[in-house]
Amino acid sequence: MQEERCEGILLQTRETGESDLIVTFWTDRFGRFAMRAPKARKSQKRFGGQLQSFARLQLAFQRAREQGRLPQLLRAEAVEGSAILPEALVAFAAASFTGELLLRMTDEEDANPNIYELYARFLTFCAEQPLTPKALARFELRLLELLGLLPSWTRCMECGTPFAPEESTRFDLLQGGLICGQCRSSREAPLILPATRSGLYALQTKTALPVETETWRDILNLLDRRLCHVLGYETRSRAFLAEVAGF
Ligand SMILES: [Zn+2]
């Protein structure tokens, strides 16, 4: 089999066999992609010591001849100029939580270079400056958008009526859309204040808009709840991030 290449961010490592690792990356060319790294468990020096969580790497690999067997990692080198995630707990917790979203919300080899770019940019941000509710909300919103799970912030998803500027709406967590006061939902649908809705809209359309810190927290809370519904469970990594970051 021919040698192939891609760029990837290491999300998960599992032990297998006597001395091997199964390493799961999010890659630019293949989306979520798992490989077998032979002898990687025995020696830290194997693969140049590069197989660290959230490292951005140039990968060379070979697909297996037999169906159902994982491709084999041949070499891994750090991408030049890629940010090294500091030891700081918040950055690590943020990388873990967002990495878990990628692992759970995408299928193996479902390529999406925009998601790869989003994650790489987010990790660079985390390596260079303190995480803010706005930065995390931006990541979550963009991820939902790239996965085709983002609702309209400007009109009711039931009746299609555009919202008035000062109208309070509800957010249907199951359907992932906003509903007006006339359309009742029997499902769980928290109230959304107009400021939260315009903040969400500004974030999505990249419009400059003064948004209060409290509103960023509301927006983040809403996106978190939507992600929980999509995932079907509460993630421990999000709870840990909230504990160390305070939001
Ligand atoms: Zn309606």
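Between helix 113-128 and the chain there is an angle of about 90 degrees, using the helix long axis and the longest principal axis of the Cα atoms. Between Ala88 and Met105, residue separation times 0.36 nm minus the direct Cα-Cα distance comes to 3.5 nm. For Lys42, Lys206, Lys134, the sequence from fewest to most other C-beta atoms within 10 Å is Lys206, Lys42, Lys134. Taking 0.36 nm per residue of sequence separation and removing the Cα-Cα distance, the Tyr233/Thr16 pair yields an extension gain of 75.4 nm.
Taking label positions 7 Å along the Cα-Cβ direction at both Cys159 and Glu80, the computed distance is 6.0 nm, reported to one decimal. Rg and Dmax of the chain, both derived from C-alpha coordinates alone, stand at 20.4, 64 Å. Between 0 and 90 degrees, the angle of helix 89-105 with respect to the longest Cα principal axis of the chain falls at about 90 degrees. Building the convex hull from the alpha-carbon atoms of the range 20-96 and averaging its projection over directions returns 5.8 nm². Across all directions, the average flat footprint of the convex hull enclosing the Cα atoms of the range 154-247 is 6.6 nm². For the range 54-138, the alpha carbon convex hull comes to 117 Å³ per residue, rounded to a whole number. Please give the residues of the range 135-173, grouped as numeric ranges, whose backbone N is less than 13 Å from a label point set 7 Å along the Cα-to-Cβ vector of Glu117. Of the residues in the range 135-173, 146 have backbone N under 13 Å from the label point off Glu117. Relative to the longest principal axis of the Cα atoms of the chain, the long axis of helix 194-205 lies at roughly 40 degrees. Value of Rg to Rh for the range 185-235, rounded to two decimals, is 1.02; Kirkwood radius and Rg both from alpha-carbon coordinates.
Bear in mind that the values in this text are calculations on the coordinates, not laboratory data. Computed from a predicted model, the values in this text were never measured in an experiment. We place every Cβ from the backbone using ideal geometry, glycine too, and count neighbours over all the protein chains shown.
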